[in-house]
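Down below is the structure, laid out as structure tokens.
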Amino acid sequence: SSKTFWTTTGMFPQEFIIGFPKRVKISKVAIQCYLVQTLRIERSVSEDPVGFEQCIEKDLQHTEGQLQTEEFSLPDFQATYLRFIIKSAFDHFVSVHRVMAEGT
């Protein structure tokens, strides 16, 4: 919902995990967030959210007063779980407004 968002509690790193009902093939991940400085995305192909491996780590550009929108292409990428780790921020609190994963 565009009317909801997830916010951090003020210290870093912060993380959240998105799980799929089964292993899926993902071609692209997009995120809309606010005041995130360094973002890492990890994946797990296990039945449980364990054994994560790093896929992407990126420093995002500061966009004063606007949401940050980042897209990551992931060729030949499979996952059962995605873990998003906000390693650092431009302020004490950040927010995540939307996460989208495209694939089959």
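Of the accessible area of the chain, with the probe set at 1.4 angstrom, what percent is carbon plus sulfur? Mind dumping the intermediate values first?
On the way: 3050 of 6390 Å².
Its accessible area is 48 percent carbon and sulfur atoms.
Of the chymotrypsin sites (Phe, Trp or Tyr not before Pro) in region 24-104, the ones in a loop by DSSP (not H, G, I, E or B) with at most 16 other beta carbons within 10 Å are Phe90, Phe93. With R₀ fixed at 22 Å, the C-beta to C-beta distance from Glu57 to Thr4 puts the FRET efficiency at about 0.25. The residue list Gln54, Gly103, Ile17 was ranked by how far each Cα lies along the charge dipole of the chain toward its positive end, using unit charges on Cβ atoms, and Gly103 comes out on top.
Enumerate by residue number the GluC sites (Glu not before Pro) in region 1-59 meeting two conditions: DSSP loop (anything except H, G, I, E, B), and at most 11 other Cβ atoms within 10 Å of the site's Cβ.
On the way: sites: Glu15, Glu42, Glu47, Glu53, Glu57; in loops: Glu47.
Those that pass, being in a loop and sparsely packed, are Glu47.
For Lys58, a cut-off of 16 angstrom between C-alpha atoms picks up these aspartates and glutamates, skipping any fewer than 8 places away in its own chain: Glu15, Glu42, Glu70, Glu71.
Kirkwood-based Rg over Rh for region 15-103 (C-alpha set), two decimals? Spell out each step's value before the answer.
Numbers: Rg = 13.0 Å, Rh = 13.4 Å.
Here the Rg-to-Rh quotient is 0.97.
In the context of the full protein assembly, Met11 retains an accessible surface of approximately 150 Å², using a probe radius of 1.4 Å and ignoring ligands and nucleic acids. For region 15-103, the per residue solvent-accessible surface stands at 57 Å², with DNA, RNA and ligands left out and a 1.4 Å probe.
The values are calculated or read from the model by the stated rules, or taken from the named source; none is laboratory data. Just so you know, these numbers come straight off a predicted model, no measurement behind them. Positions of Cβ are generated from backbone atoms using ideal geometry, with glycine treated the same way; all protein chains shown enter the neighbour counts. To get the accessible areas, we keep the full protein, side chains included, count just its heavy atoms, and leave off ligands, DNA and RNA. Shrake-Rupley method; radii C 1.70, N 1.55, O 1.52, S 1.80 Å.
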